[in-house]
Amino acid sequence: MMRWGVIALLIVGGAYLLGVTALAVGQRWFIYRPPASAKGYFPAGFDRITLRTSDGLDLVAAYRPAAAGRPTLVYFHGNGDSLEGANRASALLRQRGYGLLLVEYRGYADNPGKPGEQGLYRDGRAALDWLAGKGIASSGVILIGYSLGSGIASQLASEREVGGLALISPFSRLADAASHHFPYVPVRWLLRDRYDTIDKLRGRRLRVLVLHGDSDRVIPWTEGRDVAGVIPGAQFEIVHGAGHELAFLPATQDRIVRWLARLQPGG
C-alpha cells in the first residue's frame, strides 16, 4: 500500500510540475490575447496615425482631435480587446467633444512586434510623444486604462505629469490578479511581466478616478479599492452588479464624463 501511495504522489506531483511549467512557459499567451477579429479593423471618424516607438516599431493608432477647450484622452484597452472595443468604450466621450487617441499595442491587430510589459510601456510613451509633437503636452492629457490597460496608464502616470488618470477594473498587481485564479501556483515567482500598479501610484498626487464592478470575476473589486486607497484624494466608485465588461457600459462612460467635467476650470 505504501508503494502505491508513493507512486500516486509521484504521479500527482509530476502532473502539478508539468502544469506549472506549461503556465510558466506559456504565460504571455494567457496575458496577451489579441482577438483575430481586430485584423483589418479601423474605427470610422478617426484619423489613422502611426506611433513610432523607442525600439523602432511603427504602430497604427486612431486619433480624433478635441473640440475647443476639451482635453485629449488616451485610451488603453484590455487584454483580449482591440481598437474596436476601445471605440465602443469611448463613444460617449467622443460625442462630448473630447479628443481621443486610441492606442493599439504591438502584436495586436496588424501591428508588428510581440507584446510584453516593457514593450507596451514603450507603446504608451510613443502615444504621449506623438501628442507632444502635435503641441499637446502630457499635462493636458487624461489617461484612461481598462484592465490590462490600467497597468500601462499607471506606468505613464508615474513617469509624466498628466492631467488625470481614470482606471477601469484595474488590478493592484498582475501577480495579485493571477494568484486569484491560480491560488496553488507560485505565480509571484514565475511571472515575468509584473505591472505593479499599486506600488507605482502609491502616494502620488494626481487626479484619479477608479471604477470597479462588484461582480467582477476576472479582477476582484477589492483590487481597485486598494489602488485608490494609496493615492491621496483618489475617487473610487463601485458599480453594483457590473462584471468585467464594465468599460462598455453606458453608465461607466457617463461617470467618466461627469468626473472629467469636474476637472475642467469651474467644474
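The values are calculated or read from the model by the stated rules, or taken from the named source; none is laboratory data. Keep in mind that this is a model prediction, so the values were computed, not measured. Glycine gets a Cβ as well: all are built from the backbone with ideal geometry, and neighbour counts include every protein chain shown. Heavy atoms of the whole protein, side chains included, go into the accessibility calculation; ligands, DNA and RNA do not. Shrake-Rupley method; radii C 1.70, N 1.55, O 1.52, S 1.80 Å.
Key figures
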| item | result |
| --- | --- |
| Solvent-accessible surface (1.4 angstrom probe) belonging to Arg173, in square angstrom, nearest 10 | 70 |
| Within the accessible area of segment 91-184 (1.4 Å probe), percent carbon and sulfur | 48 |
| Accessible area of Trp259 in the full protein assembly, 1.4 Å probe (Å², nearest 10) | 10 |
| Debye log10 I(q)/I(0) for segment 142-201, one point scatterer per Cα, at q = 0.22, 0.24, 0.28 Å⁻¹ | -0.80, -0.91, -1.11 |
| Largest-first ellipsoid semi-axes for segment 93-205, taking √(5λ) over the Cα gyration tensor eigenvalues, angstrom | 26, 17, 13 |
| Surface accessible to a 1.4 Å probe, Phe30 within the full protein complex, Å² | 100 |
| Counting DSSP beta bridges with both ends in the chain, the antiparallel % (nearest 5) | 25 |
| Leading residue at positive end of dipole, the chain (Cβ point charges), from Ala61, Ile31, Val208 | Val208 |
| Inter-site label distance for Glu161 and His181 at 7 Å from Cα along Cβ, in nm | 3.9 |
| Carbon plus sulfur fraction of accessible area for segment 191-252, probe 1.4 Å, in percent | 52 |
| Efficiency of FRET between Leu263 and Asp129 - r from beta-carbon atoms, R0 25 angstrom, step 0.05 | 0.60 |
| Tail beyond 30 Å, pair distance distribution of the chain (Cα, percent) | 28 |
| Residue-normalised accessible area of the chain, given per residue in Å² at a 1.4 Å probe | 46 |
| Solvent exposure, largest accessible area first (probe 1.4 Å, DNA, RNA and ligands not counted), of Glu245, Glu161 | Glu161, Glu245 |
| Cα shape, segment 46-131, gyration tensor, a/c 1.5 rule | prolate |
| Mean Kyte hydropathy of 0.0 or more with a Cα span along the axis of at least 27 Å, helices from DSSP in the chain | 2-25 |
| Candidate lysines for bridging to Lys114, where Cα separation is under 18 Å - those fewer than 8 sequence places away on the same chain excluded | Lys39 |
